[in-house]
Each structure stands twice: as C-alpha cells, then as structure tokens.
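Data first, discussion second: the structure below is written as structure tokens.
The values are calculated or read from the model by the stated rules, or taken from the named source; none is laboratory data. Just so you know, these numbers come straight off a predicted model, no measurement behind them. Cβ placement follows ideal geometry from the backbone for every residue including glycine, while neighbour counts extend to all protein chains displayed.
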Amino acid sequence: MVYCLITDGETNFQKGCQLKRCRSLDDTLINEENHLKKAANISTPAPSTSRPNVTSKNSSVVIRESFTLNSICLFCDHTLPGSEDIFMHMAYAHGFNFPDLVRSYNLDVYQQFRLINFIRHASLNLKCYVCNDQFSSKKKLRKHSKVSNHGTIIPRMDIWDQWIYMKSPLGNDPLLNAFVDKYT
C-alpha cells in the first residue's frame, strides 16, 4: 500500500492516499498544496499505518512504500517484525546465536549474507547446514540440530562462502534488511 507522508517541518503523520498518481510515484516529493486539494475530493481515505521517522525543512508530501515484512526464522516457521527479534528467537529457541558467530569467526557483511542464505537454502531443503544430512520434516531437522548441537557452529567457510549464496532463496528476505539498515 502506498501512503503519503505529510510533513509540516516539525511533525510527521501519515495519511492514506487514494490518488492514482500517488500510487505510481515512489520516494518522490510532490507539491503539498496541489496534492491536498486533490486528496480533499476523495471520500474514503485508506487507514493510517506506522509513523516513519522522516524530517523535512519545507512542507512536503513524501510518497513511501509503508510496510514491514516479518523476518522468518532460519530453522522454523516463526516470524517476528524485526530482525533483532528473530535473531534473539534463534538464539533462545535453536541455540543459534548469530551475533556471537559473527564475532567468533570475524565475518564481514558479505560473509554474513552468504551464511544466512546458505543456512536458509539448506533449511528450505530440509538439510542440516552443518553435516548436510537430509530430513523428512522441519521438526526432525530441528531435533537433529538440537541434539547434535549444530546450531552453535558453522561449517568450513569454503562450503558456504561462495558468491552463489549472495542471492537469497526467498528473494527479498527481510532478515537481510538488518544488514542494509546497519551498513548503509
């Protein structure tokens, strides 16, 4: 859903906009006065959503794609709205402490991408990312990982540190957005 973010220089609020021309714009400033004149003629605006942190010196309308995709656990179907929350879930539920592994193995951002994509690929194919054993269900894979303590280690780098794993098997994996937000 596309929303118009109306700013007055100090406060930000989001107003659902049903103008057809707004739906075709993306991260573009348009003239607030003309826009609001057209918006006033719309009888049923879309509902408001979360308030993004956008500042502007001049009054303007900013068109933004406003939604949050839930991050999906690498090992089960659990989803949470933030990548930090899903990393905590993985640590407590599966023994996979990604921040500790990153520090222990001194992984750069590209290696972190590849490791996550490698694990995601293995998990989607019901394989253990450490020993490559195949399982018939996610439940059996999780049990194996817990019993074998595989959630606390990563395989040799030459297995997963390959350019093929720069592409997520999910396409737009919200879990990877943590790196985009952190490093840009």
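Considering only the stretch 169-180, I want to know if a residue exists there that is touching a residue at least 24 places away in the same chain (Cβ under 8 Å) and touching an Asp or Glu at 6+ places or on another chain (Cβ under 8 Å). Spell out how you get there, then give the answer.
Going through the stretch 169-180, the residues touching a residue at least 24 places away in the same chain (Cβ under 8 Å) turn out to be 169-170, 172-179.
Okay, now just the ones that are also touching an Asp or Glu at 6+ places or on another chain (Cβ under 8 Å), so 178.
Within the stretch 169-180, one or more residues are touching a residue at least 24 places away in the same chain (Cβ under 8 Å) and touching an Asp or Glu at 6+ places or on another chain (Cβ under 8 Å).
Any idea which of SER137, SER123 is exposed (fewer than 13 other Cβ atoms within 10 Å of the Cβ) and at pLDDT 90 or above?
Details: SER123 fails: exposed (fewer than 13 other Cβ atoms within 10 Å of the Cβ).
Every option except SER137 fails the conditions.
Out of PHE96, PHE118, report the one residue that is in a loop (DSSP other than H, G, I, E, B) and touching a residue at least 40 places away in the same chain (Cβ under 8 Å). Please lay out each step first, then the result.
Numbers: PHE118 fails: in a loop (DSSP other than H, G, I, E, B).
Answer to the selection: PHE96.
Out of curiosity, is PHE113 out of contact with any strand residue (DSSP E or B) (no Cβ under 8 Å at 6 or more places or on another chain) and touching a residue at least 24 places away in the same chain (Cβ under 8 Å)? Steps first, please.
Numbers: out of contact with any strand residue (DSSP E or B) (no Cβ under 8 Å at 6 or more places or on another chain): yes; touching a residue at least 24 places away in the same chain (Cβ under 8 Å): yes.
Here the answer is yes, as PHE113 does meet what is asked.
Check whether at least one residue in the stretch 140-163 is in contact with a helix residue (DSSP H, G or I) (Cβ under 9 Å, 6 or more places away or on another chain), among the hydroxyl-bearing types (Ser, Thr, Tyr) and modelled with pLDDT of 90 or more, and report yes or no. Before the answer, list the steps.
Taking the stretch 140-163 first, the residues in contact with a helix residue (DSSP H, G or I) (Cβ under 9 Å, 6 or more places away or on another chain) are 141-142, 144-146, 150-155, 157, 159-163.
Next, only the ones that are among the hydroxyl-bearing types (Ser, Thr, Tyr) stay: 145, 152.
From the residues that got through so far, the ones that are modelled with pLDDT of 90 or more too are none.
No, every residue in the stretch 140-163 fails to be in contact with a helix residue (DSSP H, G or I) (Cβ under 9 Å, 6 or more places away or on another chain), among the hydroxyl-bearing types (Ser, Thr, Tyr) and modelled with pLDDT of 90 or more.
What number of residues within the stretch 103-115 satisfy the criterion of being closer than 21 Å to ILE72 by Cα and either in a strand (DSSP E or B) or polar (S, T, N, Q) (or both)?
Going through the stretch 103-115, the residues closer than 21 Å to ILE72 by Cα turn out to be 109-115.
Subsequent filtering for residues that are either in a strand (DSSP E or B) or polar (S, T, N, Q) (or both) retains 111-112.
Number satisfying all stated conditions: 2.
So which pairs qualify, if the first residue must be in the stretch 80-92 and in contact (Cβ under 8 Å) with a residue 60 or more places away in the chain, the second must be of a type in the set (S, T, N, Q) and part of a helix (DSSP H, G or I), the Cβ gap must be under 9 Å, and the two must be at least 6 apart or on different chains?
Listed by first residue and then by second, the contacts come to SER83/ASN177.
Which residues, taken from the stretch 144-175, are in contact with a Cys (Cβ under 9 Å, 6 or more places away or on another chain) and assigned to a loop (DSSP other than H, G, I, E, B)?
Of everything in the stretch 144-175, just one residue is in contact with a Cys (Cβ under 9 Å, 6 or more places away or on another chain) and assigned to a loop (DSSP other than H, G, I, E, B), namely PRO155.
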